[in-house]
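Structure, as structure tokens:
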Amino acid sequence: MRYWYGFYGICQRELLRFLTQKARFASALVRPLLWLIVFAAGFRAALGIAIIEPYATYINYEEYILPGLCAMILLFNGMQSSLSMVYDREMGSMKILLTCPLPRWFLLLSKMIAVAFISLLQVSVFLLFAYFYGLELAPMGYFYGLLAMLLAAIMLNGLGMIIGAWVKQLENFAGVMNFVIFPMFFISSALYPLWKMQEASNWLYQLCRFNPFTSAVELIRFACYQHFNATAFYVVLGCGIIFMLLAIISFSTERFNQN
Amino acid sequence: MNNNQLLAVQQLSFNYGHKPALIDVSFELPQGMTILLGPNGAGKSTLFSLLTQIYGIQQGDIYFNQISVTKLGYQAMQWLGVVFQQSTLDLDLTIAQNLYYFGHLHGYSRQQSLTKAQPLLMQFELQHRLHEKVRRLNSGHRRRLEIVRALMHQPKVLLLDEPSVGLDPASRQALADVVRDLCREQKISVLWATHLIEEASDADHVLILNQGQLLATGRSHELQNRYQQASLAEVFMVLTSEV
């Protein structure tokens with residue numbers, strides 16, 4: 001029962017903190033909505049999307065970027081949660097977590113899952129807005145899409161935790177956000193299909209291919225249309241496990257000694 | 001090691017890089033109040049970080065119930081209540097939410113957490129403010145809440161790292177009185193780290209730490225007799241000026 005209550009406590013705290021930070025929730029929604037309503041409207045005419053998997057027909061640009069924007073919410077929230085870990089460490093509240101009678105790997109894993117659920121909550125609200133904007137998925141598409149997003153969120157949270165473990169001060173974190181979030185997002189298939197990228201530059205295309213965020217986007221895209229992208233699944237799963245292990249190692253006692 | 005001692009530290013040393021922070025520190029914590037006296041930078045917070053396993057042990061060992069923490073690992077934390085020098089409360093949550101969170105981390109349900117905290121909240125006069133956000137509490141009440149939280153799981157050892165920082169003299173005295181009452185009533189061992197000599201009473205056990213070295217241990221009046229000084233402050237001055 002101790003493990004269950006520990007997990008429940010961490011999830012509840014993350015939810016309470018999220019609900020008390022209304023600006024964080026608003027910005028998490030405004031960002032993808034701006035991309036969807038303003039950016040996509042402008043680019044719709046300039047970018048033609050050919051028939052590519054998993055789409056059965058020609059699609060609007062808005063429809064193309066919808067999974068990428070869902071992944072963007074997961075990416076930003078994953079990084080923001082690691083920012084909150086840096087804040088917790090600076091403010092001292094991290095010590096309460098570290099001095100409870102539960103193993104650190106369990107605490108970290110619980111935090112990753114808790115943050116993933118918060119991310120899914122944000123994505124669900126975004127998808128509701130998208131629905132009223134005219135972007136509708138099949139009911140099972142929502143179900144499979146959210147499952148794919150849960151896996152992608154855990155991978156991205158793992159990456160965020162690694163960064164959070166190595167960043168000692170909040171001031172440094174802003175720089176890391178710019179060096180991680182924006183390159184990951186733009187050098188991916190979130191905004192443009194990979195074949196478009198290949199037309200523009202081969203080396204950029206190769207970077208996109210090996211970016212795990214591209215796999216996260218593609219896994220979500222296929223799942224939203226009730227298809228399974230096995231390559232993307234294994235990349236996200238593999239990277240998720242590696243990031244999780246590295247995060248646990250980073251938060252070991254030895255790491256705190258150095259801090 | 002004495003069988004009655006719940007916490008014992010043996011030949012503990014710790015370095016930050018090449019800079020020594022603790023050098024060969026050994027002591028046993030008796031039941032009752034123990035004052036860990038040392039100036040800023042003496043190594044008190046490093047010792048607390050080692051006792052709470054935030055830092056890993058580099059040299060020496062720490063024993064709870066005569067079992068090494070290297071064997072016990074995180075399970076040792078169930079016997080330990082800690083109040084850190086820096087506040088560890090979540091300011092945006094209420095008193096109740098902070099207590100529930102801590103209770104859950106120690107394996108208690110919401111109701112169990114409340115049941116365990118209720119008598120302590122009454123003792124520390126916080127029972128009517130359960131649903132107030134911590135941000136609205138003054139520093140004295142925040143300290144009290146941290147002690148309530150540290151005692152919720154009925155630990156055998158309570159570690160207080162400079163708990164009176166930021167408190168006025170009256171609040172400081174009140175806090176010390178409540179903690180001494182707790183020692184008597186609940187038979188717990190308290191390690192109270194401070195740089196303020198006046199926080200030690202004659203009956204307290206005292207550890208004097210300076211530049212990472214434990215210079216003396218004993219009851220306040222015993223130390224005065226041993227070093228032939230009129231007060232603990234003079235004992236402290238004599239010992240720290242020798243290093």
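The values are calculated or read from the model by the stated rules, or taken from the named source; none is laboratory data. The structure presented is a predicted model; accordingly, all values stated were derived computationally and were not measured. Don't worry about glycine lacking a Cβ; one is built from the backbone with ideal geometry, like all the others, and counts go over all protein chains shown. Areas reflect the complete protein model, heavy atoms only, side chains present, ligands, DNA and RNA absent. Shrake-Rupley method; radii C 1.70, N 1.55, O 1.52, S 1.80 Å.
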(request) Compute the signed sum of charges (Lys and Arg +1, Asp and Glu -1) over the other residues within less than 11 Å, Cβ to Cβ, of B:T34. (result) -1
(message) Explain nothing, just compute: Karplus ³J(HN,Hα) = 6.51 cos²θ - 1.76 cosθ + 1.60, θ = phi - 60°, for every residue of the stretch A:33-43 in order, whole Hz, x for Gly and Pro.
(response) 5, 4, 4, 6, 8, 8, 5, 5, 5, x, 8
(request) Return one whole number: the accessible area per residue of chain A in Å², for a 1.4 Å probe. (result) 44 Å²
(request) At 7 Å along the Cα-to-beta-carbon direction for both A:M1 and A:I37, put a label point, then send me their distance in nm to one decimal. (result) 4.9 nm
(request) Using only alpha carbons, build the gyration tensor for the stretch A:2-258 and give me the equivalent ellipsoid semi-axes, biggest first, whole Å. (result) 32, 19, 17
(request) Return the FRET efficiency for the residue pair B:D168, A:L150: r is the Cβ-Cβ distance, R0 is 41 Å, and the value is rounded to the nearest 0.05. (result) 0.20
(request) On the full set of protein chains, 1.4 Å probe, figure out the accessible area of B:E234 and give it in Å² to the nearest 10. (result) 80 Å²
(request) Return the sequence-ordered ³J(HN,Hα) values of the stretch A:213-227 in whole Hz as given by the Karplus equation 6.51 cos²θ - 1.76 cosθ + 1.60 applied to θ = phi - 60°, using x for Gly and Pro. (result) 5, 4, 5, 4, 4, 5, 4, 5, 4, 5, 5, 4, 10, 6, 10
(message) Taking the Cα of A:F129, stepping 7 Å toward and past its beta carbon, and measuring to each backbone N in the stretch A:4-40: which are under 11 Å?
(response) A:25-38
(message) If you consider only alpha-carbon coordinates, what radius of gyration and Dmax does the stretch B:7-242 have, in Å?
(response) 17.9, 54
(request) Find the percent of Cα-Cα distances in the stretch B:115-243 that exceed 24 Å, and round it to a whole number. (result) 37 percent
(message) Given R₀ = 30 Å, what would the calculated FRET efficiency be for B:R135 paired with B:V178, taking r from the Cβ atoms and rounding to 0.05?
(response) 0.80
(request) Grab the Cα-Cα distance for B:T115 and B:Q229, subtract it from 0.36 nm times how many residues apart they are, and report the gain in nm with one decimal. (result) 36.3 nm
(message) If I model a spin label at B:E125 and B:Q11 as a point 7 Å from the Cα along the Cα→Cβ vector, what separation in nanometres do I get?
(response) 5.0 nm
(request) May I ask you to order A:101-110, A:216-225, B:216-225, B:32-41 by the average number of other C-beta atoms within 10 Å around their residues, highest value first? (result) A:216-225, B:32-41, A:101-110, B:216-225
(request) Could you tell me the convex hull volume per residue, in Å³, taken over the Cα atoms of the stretch A:121-248? (result) 131 Å³
(message) Give me the 1.4 Å probe accessible area per residue for the stretch B:7-162, excluding ligands and nucleic acids, in Å².
(response) 39 Å²
(request) Counting only C-alpha contacts under 8 Å and six or more residues apart, can you give the relative contact order of the stretch A:2-258 as a whole percent? (result) 26 percent
(message) Rounding to the nearest 10 and keeping the result within 0 to 90°, find how far the Cα-based axis of helix A:170-186 lies from the longest principal axis of chain A.
(response) 30 degrees
(request) Mind putting together the pair-distance distribution for the stretch A:82-149? All Cα pairs, 5 Å bins, whole percent per bin, short to long. (result) 4, 13, 18, 18, 12, 9, 10, 8, 6, 1
(message) On alpha carbon coordinates alone, what is the Rg over Rh value for the stretch B:75-165, Rh being the Kirkwood radius?
(response) 0.93
(message) Just to verify a number: what accessible area does B:R110 come out at with the full protein assembly present, 1.4 Å probe, Å² rounded to tens?
(response) 120 Å²
(message) Suppose each label sits 7 Å from its Cα in the direction of the beta carbon; what would the A:T231-B:E198 distance come out to in nanometres?
(response) 7.4 nm
(request) Give the Rg/Rh ratio for the stretch A:85-124, taking Rg as the radius of gyration of the Cα atoms and Rh as the Kirkwood radius, to two decimals. (result) 1.06
(message) Helix-only mean residue ellipticity at 222 nm, the protein assembly as shown, DSSP H runs n ≥ 4 weighted -39,500 (n - 2.57), per residue, nearest 500. What is it?
(response) -18500 deg cm²/dmol
(message) Please list, ordered by chain and number, the residues whose modelled amide H lies under 5 Å from the amide H of B:V82; skip anything fewer than 5 residues away on the same chain.
(response) B:L159
(message) Set the bar at 29 Å for Cα to Cα. Now go through B:K133/B:K187; B:K19/B:K156; A:K22/B:K116; A:K95/B:K71 and name every pair that lies beyond it.
(response) B:K133/B:K187; B:K19/B:K156; A:K22/B:K116
(request) Jot down the per residue volume, in cubic angstrom and as a whole number, of the convex hull over the alpha-carbon atoms of the protein assembly as shown. (result) 160 Å³
(message) Ignoring ligands, DNA and RNA, please state the percent of accessible area on chain B from carbon and sulfur, probe 1.4 Å.
(response) 46 percent
(request) Can you send over the solvent-accessible area of A:W35, 1.4 Å probe, protein chains only, in Å² to the nearest 10? (result) 50 Å²
(request) Enter the mean number of other protein chain beta carbons within 10 Å of the beta carbon of each residue in A:4-10, as an integer. (result) 6
(request) For the stretch B:4-109, just the Cα set please: Rg and Dmax, both in angstrom. (result) 15.5, 45
